[in-house]
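All remarks here apply to the structure that follows.
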Amino acid sequence: MIDMITIPGIDQNMIANNLTPFEPLHPGEVLREELAERGVTQTQLAKRMGVSVSLLNEVINGKRGISTEYALLLEAALGIDADFWLNMQRAYDKDAAKSNKAFLKRLAAIRKVAAVF
């Protein structure tokens, strides 16, 4: 874990690198914007990728994550590296977990026990 530098008069929770987004950004939102920018419809992309429109729509609407296979399909269809999509999905999953209050309580309890070791 990295030690944070304490700056007098500065709330550490307000430093940009320490902020957690209020609402995590799902990669589907970025995909939606990319399609709009290119003038490509969901139906066109789904056909290009060989997936159902309903599956693509679930990703775009944040109801389904982007798997490795899906990221590779997006790379082939759009020319955007699969690692971009996978890293975005990983960041979304992490931010979503960090905004889950029940999970944060669980982590705090584990850290208390681990501090004894």
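The values are calculated or read from the model by the stated rules, or taken from the named source; none is laboratory data. These figures come from a predicted structure and were not determined experimentally. Reconstructed Cβ throughout: ideal geometry from the backbone, glycine too, with neighbour counts over all protein chains shown. Protein only, heavy atoms only, side chains kept; ligands, DNA and RNA dropped before computing areas. Shrake-Rupley method; radii C 1.70, N 1.55, O 1.52, S 1.80 Å.
Structure summary
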quantity: Top-ranked residue of region 64-117 - restricted to ones that are of a type in the set (Ser, Thr, Tyr) and either without any contact (Cβ under 8 Å) to a residue 40 or more places away in the chain or outside any loop (DSSP other than H, G, I, E, B) (or both), ranked as most open to solvent (accessible area, probe 1.4 Å); calculated: 68
quantity: Search result, residues across region 40-51 that are open to solvent by 60 Å² or more (accessible area, probe 1.4 Å), outside any helix (DSSP H, G or I) and free of Cβ contacts under 8 Å to residues at least 12 places away in the same chain; calculated: 41
